[in-house]
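Student: Below: one structure in structure tokens.
The values are calculated or read from the model by the stated rules, or taken from the named source; none is laboratory data. It should be emphasised that the depicted structure is a prediction, and the values quoted were computed from it without experimental measurement. Because the Cβ atoms are built from the backbone with ideal geometry, glycine has one as well, and the counts that use them run over all protein chains shown.
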Amino acid sequence: MMLESDPENSAVLFGLAKEYEKEGRFGEVVETLTEYLQRADDEGNAYGMLAGAYLKTGDREAARRAYEKGAEVALAHGHPSMAQDYKFFIESEFED
């Protein structure tokens, strides 16, 4: 397994999370992306993926926090459209 041969490679963690997502293993997506985000300077994409996994596991508050952090990070990295998408999702899904 690539992670075992190169445990410091955060891109491997992101790829592993994508595979878990494809298999519907959302608890493992959350665990893997949480570890990935501790190691990597993500530009926002992983936060949206993490939020989606939290929604699938029923943790709406954690999903909202992930979208909020994702919007913040996306803006900081020059991705205003991603930030706007996350903010729109927060407004449409989490606010009355």
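Student: Taking the range 50-96, which residues are farther than 21 Å from Ala17 by Cβ and of a type in the set (Ser, Thr, Tyr)?
Tutor: Correct list: Ser81, Ser92.
Student: Also, quick follow-up: Quick check on the range 32-43. Is at least one of its residues surrounded by 19 or more Cβ atoms within 10 Å (Cβ to Cβ), touching a Leu at 6+ places or on another chain (Cβ under 6 Å) and hydrophobic (A, V, I, L, M, F, W, C)?
Tutor: Keep residues of the range 32-43 that are surrounded by 19 or more Cβ atoms within 10 Å (Cβ to Cβ), which gives 32-33, 36-37, 42.
Subsequent filtering for residues that are touching a Leu at 6+ places or on another chain (Cβ under 6 Å) retains 32-33, 36.
Now drop any that are not hydrophobic (A, V, I, L, M, F, W, C), which leaves 33.
Yes, the conditions are met somewhere in the range 32-43.
Student: If you check Glu68 against the conditions, is it surrounded by 13 or more Cβ atoms within 10 Å (Cβ to Cβ), out of contact with any Leu (no Cβ under 6 Å at 6 or more places or on another chain) and among the acidic types (Asp, Glu)? I'd like the intermediate steps shown before the answer.
Tutor: Working: surrounded by 13 or more Cβ atoms within 10 Å (Cβ to Cβ): yes; out of contact with any Leu (no Cβ under 6 Å at 6 or more places or on another chain): yes; among the acidic types (Asp, Glu): yes.
Criteria met by Glu68.
Student: State the number of residues belonging to the range 44-61 that are free of Cβ contacts under 8 Å to residues at least 12 places away in the same chain and surrounded by fewer than 16 Cβ atoms within 10 Å (Cβ to Cβ).
Tutor: Count: 2.
Student: Also: Residues to consider are Glu35, Glu43, Glu28; find the one that is touching a His at 6+ places or on another chain (Cβ under 8 Å) and either farther than 16 Å from Val12 by Cβ or assigned to a helix (DSSP H, G or I) (or both).
Tutor: Result of the check over Glu35, Glu43, Glu28: Glu43.
Student: Follow-up. Determine whether Thr34 is β-branched (Val, Ile, Thr), more than 13 Å from the chain's Cα centre (by Cα) and at pLDDT 95 or above.
Tutor: Details: β-branched (Val, Ile, Thr): yes; more than 13 Å from the chain's Cα centre (by Cα): no; at pLDDT 95 or above: yes.
No.
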